[in-house]
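For reference, the structure is listed below as structure tokens.
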Amino acid sequence: MLLYVYLIAITAEAMSGALAAGRRNMDMFGVAFIAFITALGGGTVRDMLLGNYPVTWTQHPMYIYLTISAGLLTMLIARFMHRLHSLFLILDAMGLIAFTVIGCNVALRLDYETPVVIMAGITTGIFGGILRDLLCNRTPMVLRKELYASVSLLVALLYLSLLELGVNHDVTLLASFSFGLALRLSAIRWSLSLPVFSYEPGRWND
Amino acid sequence: MLLYVYLIAITAEAMSGALAAGRRNMDMFGVAFIAFITALGGGTVRDMLLGNYPVTWTQHPMYIYLTISAGLLTMLIARFMHRLHSLFLILDAMGLIAFTVIGCNVALRLDYETPVVIMAGITTGIFGGILRDLLCNRTPMVLRKELYASVSLLVALLYLSLLELGVNHDVTLLASFSFGLALRLSAIRWSLSLPVFSYEPGRWND
Amino acid sequence: MLLYVYLIAITAEAMSGALAAGRRNMDMFGVAFIAFITALGGGTVRDMLLGNYPVTWTQHPMYIYLTISAGLLTMLIARFMHRLHSLFLILDAMGLIAFTVIGCNVALRLDYETPVVIMAGITTGIFGGILRDLLCNRTPMVLRKELYASVSLLVALLYLSLLELGVNHDVTLLASFSFGLALRLSAIRWSLSLPVFSYEPGRWND
């Protein structure tokens, strides 16, 4: 089950990367490149942080083809994508949750301590989007808008707590997805966000 | 001794990260995230460059809690921080020196050659600030303002020279801190900086 | 032969990094740092992705000295460099091709599958330039302008195909360089570029 959600997730993330590249007027190569990095960059950073070699996608060339194709396809269908708005947001939210759960599992398998497992989940969940925004020269959105990165954090906490309590793994997955999806979609619907920190520059730390 | 200075250093760096995030109106999660990366990113990049796995902070969850707490605390006390201006600059300078010395030691332990040891010290010293500025979408300050990165370079050179000469390690540390602190604070006080390279774009490499 | 081309290539890349740093009014340290990262960053990212430790330049301090010297020298001769315009573009193109071929060879030696070998070639070819543009706070040019990253892709494909066909290695190298150089210089001469994807932001994925 998780594998299928994962494939859908990297496709959705690749498409979001392609759209961001389109806003910077990148060429076909740039679109494919940003799509690839948005979809697989989070897992790559996680693997490099944890020393989990070989990096996952290098063992699954299919992921390379899938994300690049999704990116290029987006160039063709971008003009119709606003009609798929809601669907896209749901896929993106499922991707965030799937990435988080998979990231936690990788770190668990390598016997890292709980705080590192949570960081691995969040890194997998949000770093693709951060790299996308860096490469498109804008301040990372996942750190500024409606609950997104914090959904990843809460999903990781719920997932690990249920595992710790010995709950059946399928139930744990189902609970994590239901909770995460409900939270993320509520955040979009009602513009829920964390308190924002606005700091005016003083002279002392300019 | 170096451990206490290190803990103070990552706290000071986390606070500088939080302030930078505040200028980009990031939410609480973004503030904590940038604080964490500013404080621990330099060491992380060093460990990944040198293949020094597991990455240091993954073995010390306490560093995660400390930097995130310092970042969140900064949200509360930011308005009073200008009163602590001088203290903050001193802590930041001590952090730069501590990071540099620690980075050199990691590379020495792994038997890298001297130029790589120096690069490891500088990377530990300045890369957290570079990642902070990248994530906050601004040109890295450590490469543009009063002597900062070059303090890291000179401290690394002094530290390694004294070690090479067989000077007692405590004396070496004391000399490195005194020299680095004096240089950095003089640079701030009298706006000392390296020659700047200003290049006007021509058509040939636009 | 490839080694000499490589040394010329990292020198040319270091100079392009120094010029980009000059446009951001960086100090001497910043210039040397950006020069170093532009020249050696692509190979570093490749080595970290593939788990190819120790990272290449850490075993060749001479590369560190060469790139830093080239960066600092650029500060002195920048005003005369427009006269060397064509030479510089040729060196840069040769560098792109040399980096690509070397990147493919590293991944081949580690027994990665073909798509990963190609990615390793492209990463080595273009990531130095991407890091340069990130650190200088601009959208990566290699993803937007005349054929550049795609030259790297096509050179990788040609090189691997000829190797696969059992063609002599010297002939393969010569063919890859001739083809890549002709393609890149034609792209500059006639402004050849890939189709660009321009996407106007809608409200749904702002």
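Data overview
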| quantity | calculated |
| --- | --- |
| Any chance A:ARG79 is modelled with pLDDT under 95, at the interface with another protein chain (Cβ under 7 Å from one of its Cβ atoms) and surrounded by fewer than 20 Cβ atoms within 10 Å (Cβ to Cβ) | no |
| Filter result for A:PHE36 (open to solvent by 10 Å² or more (accessible area, probe 1.4 Å), at negative phi and within 18 Å of the chain's Cα centre (by Cα)) | yes |
| Pairs with Cβ under 6 Å, 6+ apart, first in segment B:179-192 and among the charged types (D, E, K, R), second part of a helix (DSSP H, G or I) | B:ARG184/B:ALA93; B:ARG184/B:VAL151 |
| Residue check, A:LEU73 more than 29 Å from B:THR67 (Cβ to Cβ) and open to solvent by 20 Å² or more (accessible area, probe 1.4 Å) | yes |
| Filtered residues of segment B:61-78 (kept if farther than 16 Å from B:PHE99 by Cα and not hydrophobic (A, V, I, L, M, F, W, C)) | B:PRO61, B:TYR65, B:SER69, B:GLY71, B:THR74 |
| First in segment A:60-77 and closer than 11 Å to C:PRO115 by Cβ, second anywhere and hydrophobic (A, V, I, L, M, F, W, C) and part of a helix (DSSP H, G or I), Cβ under 6 Å, 6 or more apart | A:TYR63/A:TRP57; A:ILE68/A:ALA32; A:ILE68/A:PHE36 |
| Where A:THR44 falls short, out of the listed (1) over 14 Å from the mean Cα position of the chain (by Cα); (2) under 29 Å from B:GLY41 (Cβ atoms); (3) within 8 Å of another protein chain (Cβ to nearest Cβ); (4) open to solvent by 10 Å² or more (accessible area, probe 1.4 Å) | (1) |
| Yes/no for C:GLU164 being of a type in the set (D, E, K, R), open to solvent by 30 Å² or more (accessible area, probe 1.4 Å) and within 12 Å of chain A (Cβ to nearest Cβ) | no |
| Members of segment C:111-127 found to be outside any helix (DSSP H, G or I) and touching a Leu at 6+ places or on another chain (Cβ under 9 Å), listed by number | C:TYR112 |
| Residues satisfying the stated conditions in segment A:119-138, i.e. more than 19 Å from A:ILE10 (Cβ to Cβ) and surrounded by 24 or more Cβ atoms within 10 Å (Cβ to Cβ) | A:MET119 |
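Listed here are the residues, each with its yes/no results for (1) in a helix (DSSP H, G or I); (2) of a type outside the set (D, E, K, R); (3) over 17 Å from the mean Cα position of the chain (by Cα).
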site: C:GLY129; (1), (2), (3): yes, yes, no
site: C:ARG132; (1), (2), (3): yes, no, no
site: C:GLU146; (1), (2), (3): no, no, no
site: C:SER150; (1), (2), (3): yes, yes, no
site: C:LEU153; (1), (2), (3): yes, yes, no
site: C:LEU160; (1), (2), (3): yes, yes, yes
site: C:LEU163; (1), (2), (3): yes, yes, yes
site: C:SER176; (1), (2), (3): yes, yes, no
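The values are calculated or read from the model by the stated rules, or taken from the named source; none is laboratory data. Keep in mind it's a predicted model, so treat the numbers as computed, not measured. Cβ sites come from the backbone with ideal geometry, for glycine too, and all protein chains shown count toward neighbours. What goes into the accessible areas is simple: the full protein's heavy atoms, side chains included, and nothing from ligands, DNA or RNA. Shrake-Rupley method; radii C 1.70, N 1.55, O 1.52, S 1.80 Å.
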